[in-house]
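Peer 1: Dropping the structure in here first, questions after.
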Amino acid sequence: MFYRISPLLMFALLVANAAFAAPAQKQFSDWQVTCNNQNFCSARNTGLHQGLVMTLSRGAGARNDVNLRIDLGNLESADVKVPPVEPRLRLDGEPIVLQQNEWKISPHHLMTNNPEAINGLLNAIGNGDKVTLADGAGVISLSGFKAALLFIDSQQKRTGSETAWIKKGDAPPLSVPPAPPLKEVTASMAAPGPLSHDELNDLLDYGTWRMNNSQCSLDPLRREVRVFPLTDDKALMLTSCEAGAYNVVYLAWVVSRQKPFVARAIRLRLPFMPDSGSTDLELMNAGFDEHGKELTTLAKGRGLGDCGVATRWRYDGQRFRLVRYAEEPACDGWHKAGGWPTLWVTK
């Protein structure tokens, strides 16, 4: 007996599948893949690339929302004395020919969002060993490349469809689930009034008292208290507690702006399970963006600041809720926190 699935039911199934995009970050030999809660996935080569990096990204759903970049040096550190990249690209020693009308080409940065151009390049290099530059440094290892593409296909549920990169099939593009609805975190209210001179001094005194009565190991001479207005009757108080070579751990409270002070400790909890195995997040190198009412953290993997975890949390009137989580596990000098791949995004 044959059963027919109505278009409405098919749409409902796709929406149901799309509603639970679990963030994921995986390493496949020399390739790293990150997919966020919107099922937007990006992959790049890591390790000993000598400044030559290919970055491939793809959005969820039937649309061909794809982008591929080849960069020699990131956008902050390109060496203008180095010869142009495009004519020097080699796959296992043989020239790579790009159709220039399908690419945006500058001396050290190549980019395209043309699906046919991207598919053509992926097919050309998929079984290769490495992409290099003639007469110069730079290596894009292709070890793990196909596994990274296969993971993206699987994460976005493209396997067996016409849009898959690796295991293509006959399923139409509309069989691929769309991106889940983008979550929204609304700020509490209009901008609060600034702290008065008396409020600021009283809160700093209160913060100093709390800090001196804590179990923090940081040298008292290095401790600091910072306060920021959250609402017209609440403030954010940050106190430094522990310190390493390049990271400082803070304690944080939402506290009333007027005496007698009532303080509630802030504990940040992620809405997904990261690779660390814990949803609890320390307030590392904490700061506060007063315009967006966002508490920020930056846990550096090393002093250079090229790897680690960066988060933003918005105050909604009751608590701080995660609005952005970015993580770069590869400490390979490629980019700073602003360019790290995201695992969680919101409106």
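Peer 1: Out of everything in segment 117-131 that is without any contact (Cβ under 8 Å) to a residue 24 or more places away in the chain and not in a helix (DSSP H, G or I), what residue ends up being nearest to TRP165 (Cα to Cα)?
Peer 2: GLY126
Peer 1: Scan segment 63-77 residue by residue and report those that are modelled with pLDDT under 95 and crowded, with 17+ Cβ neighbours inside 10 Å.
Peer 2: GLY73, ASN74
Matching residues to (1) of a type in the set (Lys, Arg); (2) surrounded by fewer than 18 Cβ atoms within 10 Å (Cβ to Cβ); (3) free of Cβ contacts under 8 Å to residues at least 12 places away in the same chain:
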position: ASP135; (1), (2), (3): no, yes, no
position: LEU149; (1), (2), (3): no, no, no
position: ILE152; (1), (2), (3): no, no, no
position: GLN156; (1), (2), (3): no, no, no
position: SER161; (1), (2), (3): no, no, no
position: LYS168; (1), (2), (3): yes, yes, yes
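Peer 1: Do you know which of the residues in segment 137-147 that are closer than 13 Å to VAL53 by Cα and modelled with pLDDT of 95 or more is surrounded by the most Cβ atoms within 10 Å (Cβ to Cβ)?
Peer 2: Once the filter is applied, the top-ranked residue is PHE145.
Peer 1: Under 9 Å between Cβ atoms, which residue pairs at least 6 apart in sequence (or on different chains) link something in segment 76-91 that is within 15 Å of VAL53 (Cβ to Cβ) and assigned to a strand (DSSP E or B) with a partner that is open to solvent by less than 50 Å² (accessible area, probe 1.4 Å) and at pLDDT 90 or above?
Peer 2: From segment 76-91, the pairs are LEU89/ILE70; LEU89/ILE96; LEU89/LEU98; LEU89/LEU110; LEU89/VAL131; LEU89/THR132; LEU89/LEU133; LEU89/ALA134.
Peer 1: Take segment 169-208 and flag every residue that is of a type in the set (A, V, I, L, M, F, W, C), under 29 Å from ARG321 (Cβ atoms) and not in a loop (DSSP other than H, G, I, E, B).
Peer 2: Keep residues of segment 169-208 that are of a type in the set (A, V, I, L, M, F, W, C), which gives 171, 174, 176, 179, 182, 185, 187, 189-191, 195, 200, 203-204.
Pick out the ones that are also under 29 Å from ARG321 (Cβ atoms) and you get 179, 182, 185, 187, 189-191, 195, 200, 203-204.
Of everything in segment 169-208, those that are of a type in the set (A, V, I, L, M, F, W, C), under 29 Å from ARG321 (Cβ atoms) and not in a loop (DSSP other than H, G, I, E, B) turn out to be LEU200, LEU203, LEU204.
Peer 1: Evaluate the following for PRO274: is it surrounded by fewer than 18 Cβ atoms within 10 Å (Cβ to Cβ), modelled with pLDDT under 95, more than 34 Å from the chain's Cα centre (by Cα) and of a type outside the set (Val, Ile, Thr)? Spell out the reasoning first.
Peer 2: Numbers: surrounded by fewer than 18 Cβ atoms within 10 Å (Cβ to Cβ): yes; modelled with pLDDT under 95: yes; more than 34 Å from the chain's Cα centre (by Cα): no; of a type outside the set (Val, Ile, Thr): yes.
Criteria not met by PRO274.
Peer 1: Among residues belonging to segment 174-212 that are of a type in the set (Ser, Thr, Tyr) and touching a residue at least 12 places away in the same chain (Cβ under 8 Å), point out the one that is most open to solvent (accessible area, probe 1.4 Å). Step through it out loud before you land on a result.
Peer 2: As a first pass, look at segment 174-212 and keep what is of a type in the set (Ser, Thr, Tyr): 175, 186, 188, 196, 206, 208.
Filter once more, keeping what is touching a residue at least 12 places away in the same chain (Cβ under 8 Å): 175, 186, 188, 206, 208.
Values: SER175: 44, THR186: 83, SER188: 37, TYR206: 36, THR208: 57 Å².
The qualifying residue most open to solvent (accessible area, probe 1.4 Å) is THR186.
Peer 1: For residues in segment 223-245 being in a loop (DSSP other than H, G, I, E, B) and of a type outside the set (Ser, Thr, Tyr), which is least open to solvent (accessible area, probe 1.4 Å)? I'd like the intermediate steps shown before the answer.
Peer 2: At the first step, the residues of segment 223-245 found to be in a loop (DSSP other than H, G, I, E, B) are 223-224, 230-233, 244-245.
Add one more test, that the residue is of a type outside the set (Ser, Thr, Tyr), and what stays is 223-224, 230, 232-233, 244-245.
Numbers: ARG223: 44, GLU224: 72, LEU230: 0, ASP232: 98, ASP233: 90, GLY244: 49, ALA245: 103 Å².
If we take residues in segment 223-245 being in a loop (DSSP other than H, G, I, E, B) and of a type outside the set (Ser, Thr, Tyr), then LEU230 is least open to solvent (accessible area, probe 1.4 Å).
Peer 1: Filter segment 295-333 for residues that are open to solvent by less than 20 Å² (accessible area, probe 1.4 Å), in contact with a strand residue (DSSP E or B) (Cβ under 6 Å, 6 or more places away or on another chain) and not aliphatic (A, V, I, L, M) and give the result.
Peer 2: THR297, CYS307, GLY308, THR311, TRP313, PHE320, TYR325
Yes/no matrix, rows are residues, columns are (1) surrounded by 15 or more Cβ atoms within 10 Å (Cβ to Cβ); (2) under 25 Å from VAL309 (Cα atoms); (3) without any contact (Cβ under 8 Å) to a residue 24 or more places away in the chain; (4) of a type outside the set (A, V, I, L, M):
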{"site": "LEU221", "(1), (2), (3), (4)": "no, no, yes, no"}
{"site": "ASN247", "(1), (2), (3), (4)": "yes, yes, no, yes"}
{"site": "VAL254", "(1), (2), (3), (4)": "yes, yes, no, no"}
{"site": "ARG257", "(1), (2), (3), (4)": "yes, no, no, yes"}
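Peer 1: Could I ask something else about it? Check whether at least one residue in segment 257-279 is among the polar types (S, T, N, Q) and not in a loop (DSSP other than H, G, I, E, B), and report yes or no.
Peer 2: no
The values are calculated or read from the model by the stated rules, or taken from the named source; none is laboratory data. Since the structure is predicted, the reported quantities are computational estimates derived from the model, not experimental observations. Note: ideal-geometry Cβ built from the backbone for every residue, glycine included; neighbour counts use all protein chains shown. All accessible areas refer to the heavy atoms of the entire protein, side chains included, with ligands and DNA or RNA removed. Shrake-Rupley method; radii C 1.70, N 1.55, O 1.52, S 1.80 Å.
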